[in-house]
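Please read the structure below before turning to the comments.
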Amino acid sequence: MLLLALGLVASPCASGASGVVAFAQDDLSNDWRREQVAAVARVLEAHPGVTFRVTDARGDAAVQALHIDRQIREGVDVLITSPADAELLDPVLRRAREAGIPVILLSRRTRSDAFTSFVHADDRAIARRLASFLFDRLDGEGRILMLRGVPGATTTRHRTETFRELAAAEPGIEVTDRTANYLRGDAILAVDELLRRHDGFPFEAVYAQSDSMAEGARIALRRNGVDPAGLVIAGVDYIDEARSAIRAGEQVVSFTYPTGGTRGGELALRLLDGESVPRQVLLDSRRVTRENVDEMEPIFGTSDSEARP
């Protein structure tokens, strides 16, 4: 178990909030998830009475469940997590709630309502908007490679199910999927394998459920002599690499997907102060293309003031 106890430094705006906030993260090798934790830390660092603990399950849902169990046993005042698997993590989060620990879910939820507040964007709505844009760019005909995220995560399920439902209504659209776990490295391996098996890249478009996977796909394509600008590539998150790719004509669209870490940190402070918090916080998502890319800042390094209660 990797446990990081962050010593938080006081600032002039520090309040009297005190207690232990634990974040059981899925995978800190993913830059989006590192930024999610960092955003929480930036909020809490103004409060010297707050101890912030972070664990890294390194992509293993069973390990993430063990980390949460340990936090329950050791005693925390607020638990933050983003469940890697909706079913596997549900029982341990129910135990946390039964132990009286408030649970904040960021971006992903479990099967039951065993949480205090859920901070998220609408993954089904994003998938609908992305599918509509992509099918229009393909004039309703083409082969699409869908790079899927972590299989058990609700974000993956919603982005996959909705996209496939819409594709089924398009006779000229064919979808093949590969799992790449929201990671560049896994996307590189998946696209490399496809290129090795075929004479060229057998798709006209790529739907990457994260921009990290879209970047991995581009790396593999270039490595094999395929120009990404010749494909229709769409992604989700809008990180720095997506902005660069859209500007270069190597990606047609991204939909912003804020980490929600700032709002998660703010909710944790309210819970430590004994305040009530909203059951759900819906985050805004915006479409980014060549038309507005220069007006849009990537989600990393922004103020993360994206929440809509």
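The values are calculated or read from the model by the stated rules, or taken from the named source; none is laboratory data. Keep in mind the model is a prediction, meaning the values are calculated, not measured. Because the Cβ atoms are built from the backbone with ideal geometry, glycine has one as well, and the counts that use them run over all protein chains shown.
Quick notes on this one:
- Filtering the range 97-120 to residues that are over 14 Å from Ala24 (Cβ atoms), among the polar types (S, T, N, Q) and either at pLDDT 95 or above or buried (at least 22 other Cβ atoms within 10 Å of the Cβ) (or both) leaves Thr116, Ser117.
- Residue satisfying condition, being touching a helix residue (DSSP H, G or I) at 6+ places or on another chain (Cβ under 8 Å) and under 19 Å from Arg184 (Cβ atoms), within set Val78, Val37, Val50: Val37
- Hits in the range 199-217 - residues which are charged (D, E, K, R) and modelled with pLDDT of 95 or more: Glu204, Asp211, Glu215
- 1 or more residues of a type in the set (D, E, K, R): qualifying strands (runs of 3 or more DSSP E) within the range 17-129: 49-56
- For Val78, the test of being in contact (Cβ under 8 Å) with a residue 24 or more places away in the chain, within 19 Å of Gly274 (Cα to Cα), of a type outside the set (S, T, N, Q) and out of contact with any strand residue (DSSP E or B) (no Cβ under 9 Å at 6 or more places or on another chain) is failed.
- Within the range 143-178, being among the small types (Gly, Ala, Ser) and assigned to a helix (DSSP H, G or I) holds for Ala167, Ala168.
- Those residues of the range 73-96 which are of a type in the set (A, V, I, L, M, F, W, C) and surrounded by fewer than 19 Cβ atoms within 10 Å (Cβ to Cβ), in sequence order: Leu88
- Long-range neighbours under 8 Å by Cβ, at least six apart or interchain, first residue farther than 18 Å from Val76 by Cβ and in the same structural domain as Leu106 (by TED's automatic domain parsing) within the range 15-43, second assigned to a strand (DSSP E or B) and of a type in the set (D, E, K, R): Asp27/Asp56; Leu28/Asp56; Trp32/Asp237
- Residue-level check: of (1) buried (at least 23 other Cβ atoms within 10 Å of the Cβ); (2) in contact with an Asp or Glu (Cβ under 9 Å, 6 or more places away or on another chain); (3) among the acidic types (Asp, Glu), Asp123 misses just (2).
- Condition check for Gly274: farther than 19 Å from Glu250 by Cα and surrounded by 19 or more Cβ atoms within 10 Å (Cβ to Cβ): no
- Any hit, the range 243-250, residues being touching a strand residue (DSSP E or B) at 6+ places or on another chain (Cβ under 6 Å), surrounded by 13 or more Cβ atoms within 10 Å (Cβ to Cβ) and modelled with pLDDT of 95 or more: no
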